[in-house]
Protein chains: 2
Amino acid sequence: MREHVAPHRIPDRLKERPTWLLGQAAARASSLLAAGFAEHGDGLRGYHYRLLVALEQWGPESQADLGRDTGIDRSDVTAALGDLEALGLVERTVDPGHRRRKIVSITESGSATLRRLDVVLDDVQEEFLAPLSAAQREQFVEIMLLLNDQRATGS
Amino acid sequence: MREHVAPHRIPDRLKERPTWLLGQAAARASSLLAAGFAEHGDGLRGYHYRLLVALEQWGPESQADLGRDTGIDRSDVTAALGDLEALGLVERTVDPGHRRRKIVSITESGSATLRRLDVVLDDVQEEFLAPLSAAQREQFVEIMLLLNDQRATGS
DNA sequence: TGCCAACATTGGTGTCACCAACAAAGGGAG
DNA sequence: CTCCCTTTGTTGGTGACACCAATGTTGGCA
């Protein structure tokens, strides 16, 4: 369930550190997410959701492209797609013009599941952001985008 | 090294989600952290740093208290302290008045290591926050504190 | 005295991220 | 047409972090 128990008291040296605060917040978010998925998500996890989202938005795609688009390693894509295929949420067909490649597409059932997961995520999100005002939520998104842009170009 | 490769393109459904953005940012931070520790940290990890910080701030403590203060599970505390003790950064002595309990204290060498790790962390932090203005950094901390306060009282 | 709680430890589980190696398939240079 | 290089999917393993269950020891309390 990933409860992530809060520390009783927090050392000054950590308390002041933005990266520490960020990690704590992310831990809380992922805890809520895991709880929500465990309750209403048929045992699906973050990887599964990400893959379904990408497939619904961009349509059938090869596994390698899927991995690049979602930032998930090829090997993890293979494993997660295996789960999704076993549940009938996704189909794999060999690319006729490229027999080494497999084209993955989302099924009707997959789309329906995705819509259900979206609702779960909306609820979790709302719970997570509850302490923030509308203005603070905007600041939050703005700052996160800046930090993530840095990531895309950095290193 | 935990490079955490950035996705090429990001689904709208994810891109808009604060929790997704948060997760991405946290992944970047932890990636930078891991890289810094790998390079200048004698193979120490987050758990070790947290424990050293708590010990330096609050002095000798039992392992159970240490776990509660840092939010680390008792079993993980035991393992991490084993590493620290092997490196001579920490000492475990039996509590005279409570023979089942072990009092952990940081050594001279431990304090020196901690100071070195602090520098590493400062650098990483600066790199991570580089894209933010001073005002945005304040907003960031404020928002994170709100989210974490919620965590302390929530659920 | 007997029971219960706390402590340290061992040994698991699960999630996410990542890496190495491999065979199958295709593409390009010579 | 070969040889080489790359891409693709797959298998299997690693590491960090968070968490749980069970066990033996110890102390406090009723």
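The values are calculated or read from the model by the stated rules, or taken from the named source; none is laboratory data. Since this is a predicted model, take the numbers as computed values, not measurements. Because the Cβ atoms are built from the backbone with ideal geometry, glycine has one as well, and the counts that use them run over all protein chains shown. These area figures cover heavy atoms from the full protein model, side chains too; ligands, DNA and RNA do not enter into them. Shrake-Rupley method; radii C 1.70, N 1.55, O 1.52, S 1.80 Å.
So A:Arg137 clears everything in (1) part of a strand (DSSP E or B); (2) charged (D, E, K, R); (3) under 30 Å from B:Asn148 (Cα atoms) except one condition, right? Which one?
(1)
If A:Pro131 meets every condition in (1) at the interface with another protein chain (Cβ under 9 Å from one of its Cβ atoms); (2) assigned to a helix (DSSP H, G or I); (3) not hydrophobic (A, V, I, L, M, F, W, C) apart from one, which number is that one?
(2)
Identify all residues within segment B:24-46 that are more than 12 Å from DNA strand C (Cβ to nearest atom), buried (at least 18 other Cβ atoms within 10 Å of the Cβ) and more than 10 Å from chain A (Cβ to nearest Cβ); write none if there are none.
Listed by number, the residues that qualify are B:Gly36, B:Phe37, B:Gly41, B:Leu44.
Considering only segment B:53-63, state which residues are open to solvent by less than 30 Å² (accessible area, probe 1.4 Å), free of Cβ contacts under 8 Å to residues at least 60 places away in the same chain and not hydroxyl-bearing (Ser, Thr, Tyr).
B:Ala54, B:Leu55, B:Gly59, B:Glu61
Kindly indicate the residue of segment B:64-117 that is basic (Lys, Arg) and away from DNA strand D (no atom under 14 Å from the Cβ) and also surrounded by the most Cβ atoms within 10 Å (Cβ to Cβ) among those meeting that condition. Write out each step before concluding.
Of the residues in segment B:64-117, the ones basic (Lys, Arg) are B:68, B:74, B:92, B:99-102, B:115-116.
Checking the rest, the ones that are also away from DNA strand D (no atom under 14 Å from the Cβ) come to B:92, B:115-116.
On the way: B:Arg92: 16, B:Arg115: 11, B:Arg116: 14.
If we take residues in segment B:64-117 being basic (Lys, Arg) and away from DNA strand D (no atom under 14 Å from the Cβ), then B:Arg92 is surrounded by the most Cβ atoms within 10 Å (Cβ to Cβ).
Being farther than 30 Å from A:Asn148 by Cα and free of Cβ contacts under 8 Å to residues at least 24 places away in the same chain: is that true of B:Glu85 here? Outline the logic, then answer.
Working: farther than 30 Å from A:Asn148 by Cα: yes; free of Cβ contacts under 8 Å to residues at least 24 places away in the same chain: yes.
It is true that B:Glu85 is farther than 30 Å from A:Asn148 by Cα and free of Cβ contacts under 8 Å to residues at least 24 places away in the same chain.
Mind checking which helices (runs of 4 or more DSSP H) fall wholly inside segment A:25-116 and carry at least 3 residues that are within 30 Å of B:Phe140 (Cα to Cα) and under 17 Å from the mean Cα position of the chain (by Cα)?
Passing ranges, in order: A:46-58, A:63-70.
How many of the residues in segment A:132-141 are open to solvent by 40 Å² or more (accessible area, probe 1.4 Å) and under 14 Å from A:Arg28 (Cβ atoms)?
So the answer is 0.
Each row is one residue, and each column tells you yes or no for (1) of a type in the set (A, V, I, L, M); (2) away from chain B (no Cβ under 12 Å); (3) without any contact (Cβ under 8 Å) to a residue 40 or more places away in the chain.
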| site | (1), (2), (3) |
| --- | --- |
| A:Asp65 | no, no, yes |
| A:Arg74 | no, no, yes |
| A:Gly97 | no, yes, yes |
| A:Ser111 | no, yes, no |
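For segment A:92-105, does any single residue satisfy the condition of being within 16 Å of A:Glu56 (Cβ to Cβ) and out of contact with any helix residue (DSSP H, G or I) (no Cβ under 7 Å at 6 or more places or on another chain)?
Yes, segment A:92-105 contains a residue that is within 16 Å of A:Glu56 (Cβ to Cβ) and out of contact with any helix residue (DSSP H, G or I) (no Cβ under 7 Å at 6 or more places or on another chain).
Which one of these is among the hydrophobic types (A, V, I, L, M, F, W, C) and facing another protein chain (nearest Cβ under 8 Å): A:Ala79, A:Ala54? Full working, then the answer.
Numbers: A:Ala79 fails: facing another protein chain (nearest Cβ under 8 Å).
Going through A:Ala79, A:Ala54 in turn, the sole match is A:Ala54.
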